[in-house]
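**Student:** Okay, handing you the structure first.
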Amino acid sequence: MADVTDATFQTDVVERSGTVPVVVDLWAAWCGPCRQLGPVLERVIDATEGRVELAKVDVDTNPSVAQAFGVQTIPAVFALVGGKVVDQFIGAKPEAAVRQFVDGLLPAAEETEVQRLVAKGDETSLREALELEPDNAQAVVALSELHAGAGRSEEALALLERVPPSAETRRVAALARLGPEAADGAGRADDVGPRLDALLERVRDDPAARQEFLDVLELLGPGDPRTLTYRRALTTRLF
């Protein structure tokens, strides 16, 4: 377990999640449900013997992380793998539910046929996986991303409707709406800054501009410092 700050979040969570799944617990000392959930998370994650790590963030002293995740209620728990949010929940949960959440981050002892097909990652394999398991979230997101990257936005968005919303579905939906060039463009400061500044001037009265603004932030992700800056700017502009 590590106590993570605004300053160490990029290294201790985003970069570390490239090696091992990291569960981020957003909490505060005054929050009763946080005090109830915290020991449960620690106990369950300790039992993984290092295969999953816990990062605790006190939102009172480190508000930037909470704002980057768009959190309004605590406790809020996010699981990151490879720098991306792969699962999340809000509020205190019983130990059995927490264990199920953490177990979902562990590699399966034996790979299933669907998992094998998803791991291959090509369009044919992903379609075969969905024939076997139509609501498999990993296959849905992966195939949707292929559609989005090929400019087939309608197919991508329709496919995403099969599974509940998540950080990954929102990211792929944003990619589908913005177009194939969006992934590269979202990472370049010289492209994103002017684009977001221009959209910010229109967000109050133009729903399309507001959606595009939010989509660009989705592609930047919570680990990018620009996300927090522009979310604050959007809140100021709208309210």
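The values are calculated or read from the model by the stated rules, or taken from the named source; none is laboratory data. Keep in mind that what you see is a predicted model, and the values were worked out from it rather than measured. Because the Cβ atoms are built from the backbone with ideal geometry, glycine has one as well, and the counts that use them run over all protein chains shown.
**Student:** Suppose the filter is part of a helix (DSSP H, G or I), under 20 Å from the mean Cα position of the chain (by Cα) and either at pLDDT 90 or above or assigned by TED's automatic domain parsing to the domain that holds residue 76 (or both); does residue 198 pass it?
**Tutor:** no
**Student:** Related question: Starting from segment 96-108, take each residue that is surrounded by 12 or more Cβ atoms within 10 Å (Cβ to Cβ) and list its partners that are assigned to a helix (DSSP H, G or I) and of a type outside the set (Gly, Ala, Ser), counting only C-beta distances under 7 angstrom and pairs at least six apart or across chains.
**Tutor:** Here the result reads 98/40; 98/41; 98/44; 99/44; 102/44; 102/45, each pair linking segment 96-108 to a residue that is assigned to a helix (DSSP H, G or I) and of a type outside the set (Gly, Ala, Ser).
**Student:** While we're here: Restricting to segment 121-142, give me the number of residues that are assigned to a helix (DSSP H, G or I) and not aliphatic (A, V, I, L, M).
**Tutor:** 7
**Student:** Would you check which residues across segment 219-238 are part of a helix (DSSP H, G or I) and buried (at least 20 other Cβ atoms within 10 Å of the Cβ) and list them?
**Tutor:** Residues satisfying the conditions are 219, 220, 227, 228, 230.
**Student:** Would you check which residues across segment 143-167 are under 24 Å from residue 51 (Cα atoms) and either at pLDDT 90 or above or in a loop (DSSP other than H, G, I, E, B) (or both) and list them?
**Tutor:** The one that is under 24 Å from residue 51 (Cα atoms) and either at pLDDT 90 or above or in a loop (DSSP other than H, G, I, E, B) (or both): 166.
**Student:** Suppose we filter segment 49-83 for residues that are touching a Pro at 6+ places or on another chain (Cβ under 9 Å) and among the β-branched types (Val, Ile, Thr); how many remain?
**Tutor:** Of the residues in segment 49-83, 4 are touching a Pro at 6+ places or on another chain (Cβ under 9 Å) and among the β-branched types (Val, Ile, Thr).
**Student:** Return yes when residue 212 is among the acidic types (Asp, Glu) and either closer than 27 Å to residue 7 by Cα or modelled with pLDDT under 90 (or both) and no when it is not.
**Tutor:** No.
**Student:** In the set 97, 66, 47, which member is closer than 28 Å to residue 217 by Cα, small (Gly, Ala, Ser) and at pLDDT below 95?
**Tutor:** It is 66.
**Student:** Still on this structure, please answer the following. Can you say whether residue 40 is surrounded by 13 or more Cβ atoms within 10 Å (Cβ to Cβ), at negative phi and touching a Leu at 6+ places or on another chain (Cβ under 9 Å), as far as the supplied structure shows?
**Tutor:** In short, no.
**Student:** Quick check, is residue 104 within 22 Å of residue 13 (Cβ to Cβ) and touching a Ser or Thr at 6+ places or on another chain (Cβ under 8 Å)?
**Tutor:** Judged against the criteria, residue 104 is not a match.
**Student:** Here is a check on your reading of the model: is residue 16 on the phi < 0 side of the Ramachandran plot, of a type outside the set (Ser, Thr, Tyr), surrounded by fewer than 21 Cβ atoms within 10 Å (Cβ to Cβ) and in contact (Cβ under 8 Å) with a residue 24 or more places away in the chain?
**Tutor:** Against the criterion (on the phi < 0 side of the Ramachandran plot, of a type outside the set (Ser, Thr, Tyr), surrounded by fewer than 21 Cβ atoms within 10 Å (Cβ to Cβ) and in contact (Cβ under 8 Å) with a residue 24 or more places away in the chain), residue 16 qualifies.
**Student:** Taking the stated definitions as given, is residue 123 charged (D, E, K, R), under 20 Å from residue 175 (Cβ atoms) and in contact with a helix residue (DSSP H, G or I) (Cβ under 6 Å, 6 or more places away or on another chain)?
**Tutor:** So residue 123 fits the description; yes.
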